[in-house]
Amino acid sequence: MDISKGLKKYFTTQLLSWHRNDNDRNLPWKNEQDPYKIWLSEIILQQTRALQGMPYYLRFTETYPTIADMAAAKDEDVFRIWQGLGYYNRCKNMLATARLVTTEFGGKFPDTYEGIISLKGIGPYTAAAIASFAYGLPHAVVDGNVYRVLSRYFAIETPFDTTEGKKQFATLAQELIDPAHSQGYNQAIMDLGATVCTPRNPLCDQCPLQKNCVAFHQNLTTLLPVRSKKITVATRHFNYLVIKWADRIWLRKRTGKDIWENLHEPLMIETEQAIDKKELLQITSFKELQLEYGSIDFAGNGTQRLTHRIIESRFFTVDVEEKPSFIPEDGFWATPAELATIAFPKTVLSFLRNNLYF
DNA sequence: AAATCGGGGTC
DNA sequence: GACCCAGATTT
């Protein structure tokens, strides 16, 4: 990189000035002092918009005011609160970290960058955010906002989703941070990216950096930042058998390194293509269940659009009078009361609620 | 280096 | 429909 010192100096000075005088973005975790709550907010906000994460942050801080409270909670209770937020390994790692800090560190959150980044679920971004916001340490955050603001202001065309790009932006960000005002700098660059230097239709007329922004003057804002890879979306077909016996339905917790790990669902048979009831009855794995499928009915479907997947779900209800013997052993018969205490994928939750299972 | 992991907002 | 969001982890 060959960027003049003046251009960098102007960037930092203007950014901090804007933050002090004109930044009116107000969020509940801003100016928070408690490392636990700062950490909690950063985990929730990974790949998650602030407005989407806010109700979850408020519920978590209300339910678990301290990290010891979270550490003492039952896994299921924590996952239930996380339900609907996505990327459920964040929840799993968060719980593991809460328990490690509570039991091994006496409840004291690590206060060095190296100590922070060694924790599960914490990478370069989150470690820099906690280090600066909680302890004033001079580590520059690099998130999606930073890629956008820096790539435009300096007209950097290196794709940010490559090893080279990540290194280049991280180095530049670290050069730009004011070590004496690391919290303000990190807060400012993310707030500017979220409210002014937006992905589409940025508010350049309100931008404190416009005077020296290369992308603005060369009309490149719509071309920056550059992403190298395109997202490919594959479709999966999940066929759910909602088996009801007495007032209970059969559920199991998803395991393995797959989508929705640790969430619950009815018995599910995945197929390459969408199938109807007639085709379902021909599937070997279905026949092996030896259900009284005279009562099986197609009961609805759902489409869940994710970033890189489309999940097409079909729900079939199976009412049985006798408790089936050939159901897999890794599940349980859930009562209506239990359904309200465990976590489901959104599409499963919608089906159960819409069909008055609880 | 590339693939995975959710769900919602925006245009 | 495509892209993005206070990214991290595994393959």
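For this structure, a couple of remarks:
- Scanning the stretch A:82-103 for residues that are more than 13 Å from DNA strand C (Cβ to nearest atom) and touching a Gly at 6+ places or on another chain (Cβ under 8 Å) yields a single hit, A:Val101.
- Answer from A:Asp178, A:Asp143 - the residue that is open to solvent by less than 60 Å² (accessible area, probe 1.4 Å), within 16 Å of DNA strand B (Cβ to nearest atom), acidic (Asp, Glu) and in the same structural domain as A:Lys211 (by TED's automatic domain parsing): A:Asp143
- Matching entry among A:Ile275, A:Ile327 (being in contact (Cβ under 8 Å) with a residue 60 or more places away in the chain, open to solvent by less than 40 Å² (accessible area, probe 1.4 Å) and not assigned by TED's automatic domain parsing to the domain that holds A:Gln47): A:Ile327
- The residues in the stretch A:65-117 that are open to solvent by 20 Å² or more (accessible area, probe 1.4 Å), of a type in the set (Phe, Trp, Tyr) and closer than 27 Å to A:Arg254 by Cα can be counted, and the count is 2.
- Only one entry of A:Tyr113, A:Tyr64 meets the criterion of being more than 13 Å from DNA strand C (Cβ to nearest atom) and touching a helix residue (DSSP H, G or I) at 6+ places or on another chain (Cβ under 6 Å), and that entry is A:Tyr64.
- Taking each residue of the stretch A:177-199 that is farther than 18 Å from A:Arg152 by Cβ and looking for partners that are near DNA strand C (Cβ under 9 Å from one of its atoms) and of a type in the set (Phe, Trp, Tyr) with beta-carbon atoms closer than 6 Å, six or more apart or interchain, yields A:Gln183/A:Phe133.
- Remark: pairs (first residue in the stretch A:9-27, closer than 18 Å to A:Val141 by Cα and modelled with pLDDT of 95 or more; second residue of a type in the set (Phe, Trp, Tyr) and within 13 Å of DNA strand C (Cβ to nearest atom); Cβ separation under 7 Å; 6+ apart in sequence or on different chains) = A:Thr12/A:Tyr185; A:Leu15/A:Tyr185; A:Leu16/A:Tyr185.
- Counting the residues of the stretch A:298-333 that are in a loop (DSSP other than H, G, I, E, B) and within 16 Å of DNA strand B (Cβ to nearest atom) gives 3.
- Remark: pairs (first residue in the stretch A:298-313, closer than 21 Å to A:Tyr87 by Cβ; second residue among the β-branched types (Val, Ile, Thr) and away from DNA strand C (no atom under 15 Å from the Cβ); Cβ separation under 6 Å; 6+ apart in sequence or on different chains) = A:Gly302/A:Thr347; A:Gln304/A:Thr347; A:Ser313/A:Thr347.
- Top-ranked residue of the stretch A:341-358 - restricted to ones that are open to solvent by 50 Å² or more (accessible area, probe 1.4 Å) and either under 26 Å from the mean Cα position of the chain (by Cα) or of a type in the set (Phe, Trp, Tyr) (or both), ranked as nearest to A:Gly300 (Cα to Cα): A:Asn354
- Applying the criterion of being open to solvent by 30 Å² or more (accessible area, probe 1.4 Å) and without any contact (Cβ under 8 Å) to a residue 60 or more places away in the chain to the residues of the stretch A:125-140, the residue that is nearest to DNA strand C (Cβ to nearest atom) is A:His139.
- Within the stretch A:80-124, the set of residues being free of Cβ contacts under 8 Å to residues at least 12 places away in the same chain and among the hydroxyl-bearing types (Ser, Thr, Tyr) comprises just one member, A:Ser118.
- Of the criteria (1) open to solvent by 40 Å² or more (accessible area, probe 1.4 Å); (2) without any contact (Cβ under 8 Å) to a residue 24 or more places away in the chain; (3) outside the structural domain of A:Asp24 (by TED's automatic domain parsing), which one A:Arg252 fails: (2)
- Looking only at the stretch A:11-25, residues that are open to solvent by 50 Å² or more (accessible area, probe 1.4 Å) and more than 16 Å from DNA strand B (Cβ to nearest atom) come to 6 in all.
- Scanning the stretch A:1-56 for residues that are assigned to a helix (DSSP H, G or I), small (Gly, Ala, Ser) and away from DNA strand C (no atom under 16 Å from the Cβ) returns A:Gly6, A:Ser17.
The values are calculated or read from the model by the stated rules, or taken from the named source; none is laboratory data. Bear in mind that the values here come from a model prediction, so they are computed numbers and not experimental data. For neighbour counting, all protein chains shown are included, and Cβ atoms are generated from backbone atoms with ideal geometry for every residue, glycine included. Side chains are part of the model used for accessible areas, which takes the heavy atoms of the whole protein and leaves out ligands, DNA and RNA. Shrake-Rupley method; radii C 1.70, N 1.55, O 1.52, S 1.80 Å.
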